[in-house]
Every structure is written in C-alpha cells, then in structure tokens.
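As structure tokens, the structure follows; a few thoughts come after it.
The values are calculated or read from the model by the stated rules, or taken from the named source; none is laboratory data. Just so it is clear, the model here is predicted, and its values are computed rather than measured. With ideal geometry, Cβ positions are generated from the backbone for all residues, glycine too; neighbour counts draw on all protein chains shown. These accessible areas exclude ligands, DNA and RNA; they are computed on the full protein's heavy atoms, side chains included. Shrake-Rupley method; radii C 1.70, N 1.55, O 1.52, S 1.80 Å.
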Amino acid sequence: EPVDATARRGRVRVGGASPPFRPEALRKRLTPEHYAYLRVAEGCDHKCTFCAIPSFRGKFRSKPWQSVVEEAKALADTGAKELCLIAEDTNQWGMDLKKSDGRGLAELLEALADVDGVEMIRILYAYPSYFSEELIDAIADIPQVAKYIDIPLQHITNLSLLRMNRPPRQHTEELLYKLRDRIPGLALRTTFISGFPGETDAEHEELMEFCREFKFERLGAFAYSEEDGTPAGEYPDQVEQAVRDLRRDMLISQQQTISEDFAESRVGSTVDVIIDGFNPEFDAWTGRTSLEAPDIDPIVFIQEPAAGSGMAALAMGQIRKCKIVGTSLFDLEAHLVM
C-alpha cells in the first residue's frame, strides 16, 4: 500500500524488515581512528507524525549481542577509543530480544566496557522511554560510559506532543529529573522542532519557559520541515516558514546564554580530554571531554606543552588530563596537567 495513502488516513506506515545488518567494521570509516559510531539497532516502531523513517527503515530490531560486541572489538583493534552508540532508538536495544536473550542495554554497556581499548561509550539518539532502573544504574556506575545522554524530545507542550504522537510532558519531565538525580554530573542533550503544525505562540512560549527552567546542557533546534508521506505534512494548520525560523532562532538564542553559563561553571575543574586534532587557525589542539559528542557539541582548546615542561607532546587520539582555565563562548580553554 503506498505510504501517502496511509498518511492521508492519519497513520504512519511501518515497513518490513530491511536486509541484514552490515558489520560496522566493514564500512568505510569517515571518522578519525580514535572514535567511531556503532549502530546497535535498526528501524523504529514509533509512529511520530513528522517522521518517515519507519517507512523505509522498517520495524525496530536489535543487532544481535555477539555481533555488537565483535564489531566493538574490531573497531577498538583499529584504534577506536570512543564508541558512539546509535540507532533510531538506541536505548530500546534488546527489548525485542528479551524473550530469547534476556539482556538489555545495561548488560550490553557492561560488555562493551570490557572490550580492550574502549575508554568511552556514548549514548546518542535515545527515546524518552525504555530507561530501566538497571540502565540508569549502568550509566551512572560504569566508568567508561559517558555521563551524557542524547534524547531528542521534539517539544514539551502536551498539545504539540499529541499532534506529534510523542510521550506526554509529565512522563518526559519526570524522566529528565530522574536521570539528573540518579546520574551525577550528567549532561543532557536534546533537540526541539519549532513551528510544528498547529503550534501556537503560547505553546512556543511554554517550550521556551521550560528550557529556561530546566537548562539543558546541550540543545539544538530545527524549524519544522514537511516530510513527504507523513501525517504532519498533510496537517491543515501549517505554520508560516518565517514564524518557524523565528521561533527556532529564539530557542537557539536563549540556549546560547545557558550554554555559556554551563561552560563558565566548569572553569577550574580537571578533566580527561580526548584529542581530536590540531587547528591551525587557532594555533591550538582541540578535543572534547566526556560531556561533548563529536561534531555537534562545543570543543576544548589546548596549547602544546611548553618546551622543557617534561610533558609528552600532544597527538590525535590521546586522552590527556587537563585543567579548564577559561571559556570562549561555549567552548573551553584548558592547560595540560599531565
């Protein structure tokens, strides 16, 4: 049945399973050797009204345990110290295998942490559900797991969430505060859609107010864009493009102040920094702490150690102890400690 026919009836078509998983270690790596993205699942069972992914990715299915662990080992053997776990709903991993396997993401994190060479594991693209007590404890307790969770929320007002077919505000808000309470030092990243069909000025302001109060450590915002074959693309109350853009810019502008304050709060702390490379424009090395994901988050600037300091020269892929000594907007400036 054509996807657009189901969309007209207000539903999202969920396709069948796609071809078998392709081992990550066989893909052409576009990242530096010291970090890699590891896909742990494919597809999605959710029916968000703005998203076409289920129509071509198929239903959610976890990559088998042994395949994930073997791929992690293969990536580590090629120099990957940081593994960024990805899927359409990463934290749902294992739920479809429970009857046959009995293990979930908490147990998988423990296994990945035992892989020789893996020093950091990062959870990207989590869904605002599926955070079991065991998973929260694993994130909090396993040293190699970054205290960083990426959970795209899309909105916070109940009417917008209802139109999106997403979990309601109370559920989401309780989860966010629970994660912050249970995982010391946690940095939460999220993204929101501005100008979703039917979004009123009041709904936009409610979202702004929530973000001001909660203060996400990392936040991105996107102007809504219609996806062919999705119910939201057919909604009659589309918001004008200029309004979408304005609301996105307002969210981003507000977040800039919050992000600057968060950066300032870290001055004086001593942290591990993974070195991503040398930036000739700034004549400095750049890297990230465990609270920054590659490509999307702020960076740390580090100067080469002075001659005669006795400290080893910097090199890509190292993890070095640094002290945060200043900020540049959201970015951090650091001195080597060792």
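The residue list Gly229, Gly198 contains one member that is modelled with pLDDT under 95, open to solvent by less than 50 Å² (accessible area, probe 1.4 Å) and farther than 30 Å from Val115 by Cα, which is Gly229. Determine whether region 304-327 contains at least one residue that is open to solvent by 20 Å² or more (accessible area, probe 1.4 Å) and in contact with a helix residue (DSSP H, G or I) (Cβ under 6 Å, 6 or more places away or on another chain). Yes, region 304-327 has at least one match. Taking region 42-146 and the helices (runs of 4 or more DSSP H) fully enclosed by it, the elements with 3 or more residues that are touching a helix residue (DSSP H, G or I) at 6+ places or on another chain (Cβ under 7 Å), surrounded by 18 or more Cβ atoms within 10 Å (Cβ to Cβ) and among the aliphatic types (A, V, I, L, M) are at 65-77, 105-113, 133-141. Tallying residues that are of a type in the set (Asp, Glu) and in a loop (DSSP other than H, G, I, E, B) within region 152-175 yields 0.
Name every residue in region 279-291 that is free of Cβ contacts under 8 Å to residues at least 24 places away in the same chain and either more than 16 Å from Gly326 (Cα to Cα) or among the aromatic types (Phe, Trp, Tyr) (or both), in order of residue number.
Across region 279-291, the qualifying residues are Asn279, Pro280, Glu281, Phe282, Asp283.
In the set (1) in a loop (DSSP other than H, G, I, E, B); (2) among the hydrophobic types (A, V, I, L, M, F, W, C); (3) within 20 Å of Asp261 (Cα to Cα), the condition left unmet by Ala221 is number (1).
Mind listing whichever residues of region 163-184 are hydrophobic (A, V, I, L, M, F, W, C) and within 25 Å of Lys47 (Cβ to Cβ)?
Step one: of region 163-184, the residues hydrophobic (A, V, I, L, M, F, W, C) are 164, 175-176, 179, 183.
The answer is Met164, Leu175, Leu176, Leu179.
In the set (1) open to solvent by 10 Å² or more (accessible area, probe 1.4 Å); (2) more than 26 Å from Pro294 (Cβ to Cβ); (3) in contact with a Phe, Trp or Tyr (Cβ under 9 Å, 6 or more places away or on another chain); (4) in contact (Cβ under 8 Å) with a residue 12 or more places away in the chain, Met164 fails one condition alone, (1). Going through region 246-273 one residue at a time, which ones are of a type in the set (Lys, Arg) and open to solvent by 20 Å² or more (accessible area, probe 1.4 Å)? Hits for region 246-273 are Arg248, Arg266.
Looking at this structure, is Met338 under 18 Å from Glu119 (Cβ atoms), in a loop (DSSP other than H, G, I, E, B) and either open to solvent by less than 40 Å² (accessible area, probe 1.4 Å) or in contact with an Asp or Glu (Cβ under 8 Å, 6 or more places away or on another chain) (or both)?
Working: under 18 Å from Glu119 (Cβ atoms): yes; in a loop (DSSP other than H, G, I, E, B): yes; either open to solvent by less than 40 Å² (accessible area, probe 1.4 Å) or in contact with an Asp or Glu (Cβ under 8 Å, 6 or more places away or on another chain) (or both): no.
Here the answer is no, as Met338 does not meet what is asked.
Taken together, the criteria exclude Val243 from residues that are buried (at least 21 other Cβ atoms within 10 Å of the Cβ) and either within 18 Å of Met164 (Cβ to Cβ) or not charged (D, E, K, R) (or both). Of everything in region 280-303 that is farther than 15 Å from Phe262 by Cβ and of a type in the set (S, T, N, Q), the residue that is most open to solvent (accessible area, probe 1.4 Å) is Gln303.
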